[in-house]
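Reading through the structure tokens given below for one structure.
Since every read-out is calculated from the coordinates, none of them should be taken as a lab result. Just so it is clear, the model here is predicted, and its values are computed rather than measured. A quick note on method: Cβ atoms are made from the backbone with ideal geometry, for glycine too, and the neighbour counts reach across all protein chains shown.
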Amino acid sequence: MIKNYFKIAFRNLVRNKVFSFINMLGLALGMACSLLILLWVQDERNVDNFHKNGKQLYIIYERQYIDGKTEAGFYTPGVLANEMKRMIPEILYASNVSWLKDNSDRLTFEANNKIIKFDGCYADSDYFKMLSYPLLKGTPADVLRTPVSLCISAKMAKAFFGSVDGAVGKTMRYENKKDLTVTGVFADLPENVSAKFNFMMNWNCFLNDNSWAKEWGNNGPNTLIML
């Protein structure tokens, strides 16, 4: 019986070639588009999903009323994180972060007779306590604990010192104006992260270089919290 069904189907395909071609082309295009959409959705859902505290993490979205108009965005005052952590008991950790979403700063570093530019960000000491970026050297509580702390990627450590082990405790000069100490090394970030960086500096460095961020009336950095 099944063999006869195949025979009949084949004869119909041969007898109506144009109609059959249009149907098969439509089916093939529909399946291809559906597969591409599925792959795209899976890729989007995979972004940042490795953070073990993901369900407790939030980024602050600020609404402002200016001249009768409402403006909104993820830009916030540079001192908001500490104030929220101080005033709201439900917040366990909080961190201001500079320029996330592929908009990190590109700075010049000097160490071991090498001068190289790398992309990176600034964040408060809570940053690595909140997010699950794997640390190869150092602990989440210590890598950004002091104003001169610097946490770098494995790629950056190898570029300057030849290995991950050789980087910790070394001094690096950034922008030829300040010496920082390497307190930690994190694994090179995978592709499924929204924030791309090769180094993370203590937030005080950002505030010292950008005094406007200390004023409540100015906005720019992002604010992350963990409930």
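In terms of distances greater than 26 angstrom between alpha carbons, the cross-link table entries 69/196; 117/170; 137/178; 55/155 yield 69/196; 55/155.
Rounded is the label for region 99-190, because a/c, from the alpha-carbon gyration tensor with a ≥ b ≥ c as root eigenvalues, stays below 1.5.
Highest average first, the peptides 173-179, 129-135, 91-97 ordered by how many other beta carbon atoms sit within 10 Å of their residues are 91-97, 129-135, 173-179. Working ranking of peptides 51-59, 136-144 by packing, defined as the average number of other Cβ atoms within 10 Å per residue, highest first, is 136-144, 51-59. Take every Cα pair under 8 Å whose residues are at least 6 apart in sequence, average their separation, divide by the length of region 126-197, and the relative contact order is 36 percent.
Extending 7 Å from Cα along the Cβ direction at residue 227 and again at residue 16 yields two label points whose distance is 5.7 nm. Modelled spin-label separation between residue 177 and residue 59, with each label point placed 7 Å from Cα along the Cα-to-Cβ direction: 2.7 nm.
Separation of region 120-156 from region 193-209 is 9 Å, based on Cα centroids. P(r) for the chain, from all Cα pairs and a bin width of 10 Å, is 7, 26, 26, 15, 8, 6, 8, 5, 0 %, short bins first. Taking each residue as 0.36 nm, the span from residue 158 to residue 46 lengthens on full extension beyond its C-alpha to C-alpha distance by 37.5 nm.
Extending 7 Å from Cα along the Cβ direction at residue 71 and again at residue 3 yields two label points whose distance is 7.8 nm.
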